[in-house]
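S.K.: Below is the structure I would like to discuss, written out as structure tokens.
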Amino acid sequence: AGVKEDSFNVLDLAEYTKNQPWWRKVFAPSSGSSVEKYNVATQLVIGGVTGWCTGFIFQKVGKLAATAVGGGFFLLQIANHTGYIKVDWKLVERDVNKAKQQLKFHSSGHKMHPEVKSRVDEV
């Protein structure tokens, strides 16, 4: 008297999986590793498809980036030759020589030049 009976529901997994879409069967969450969840053929298919998609996307992005960089250089050259851009080569040479001197100074073990230190502090 007073004993409570526990009732359990039985779930037939075979019937349950028949009613699930195929992608839920393939990508269903599981507590085990992917080696335990999927057979070798499924892992190869998933890896192949994702690898192909990644390669395809990177190919398109790479072509777009290369076109943008190359086109930018091309437009800069056209602007330079038509006179829209004027380069002060003496200023460029002076700045390059100044950078060379600072690199030699730093590589010789001396302290940082005050002008460089102030620029670094600003940044």
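S.K.: Scan (1) at pLDDT 80 or above; (2) not in a loop (DSSP other than H, G, I, E, B) for the single condition K117 breaks and write down its number.
M.R.: The single condition K117 does not satisfy is (1).
S.K.: Do any residues in region 59-78 that are open to solvent by 90 Å² or more (accessible area, probe 1.4 Å) have Cβ atoms under 7 Å from those of residues that are not basic (K, R), where the two are at least six apart or on different chains, and which pairs are they?
M.R.: Listed pairs, sorted by first residue: L76/I85.
S.K.: Then there's this: When Y84 is evaluated against the numbered criteria (1) over 30 Å from V116 (Cβ atoms); (2) in a helix (DSSP H, G or I), which criterion, by number, is the only one it fails?
M.R.: Going through the list (1) over 30 Å from V116 (Cβ atoms); (2) in a helix (DSSP H, G or I), Y84 breaks only (2).
The values are calculated or read from the model by the stated rules, or taken from the named source; none is laboratory data. Predicted model, so just to flag it, every value in this text is computed and none were measured. So basically every Cβ, Gly included, is an ideal-geometry build from the backbone, and we count neighbours across all protein chains shown. For the accessible areas, the whole protein counts, side chains as well, though only heavy atoms, and no ligand, DNA or RNA atoms are used. Shrake-Rupley method; radii C 1.70, N 1.55, O 1.52, S 1.80 Å.
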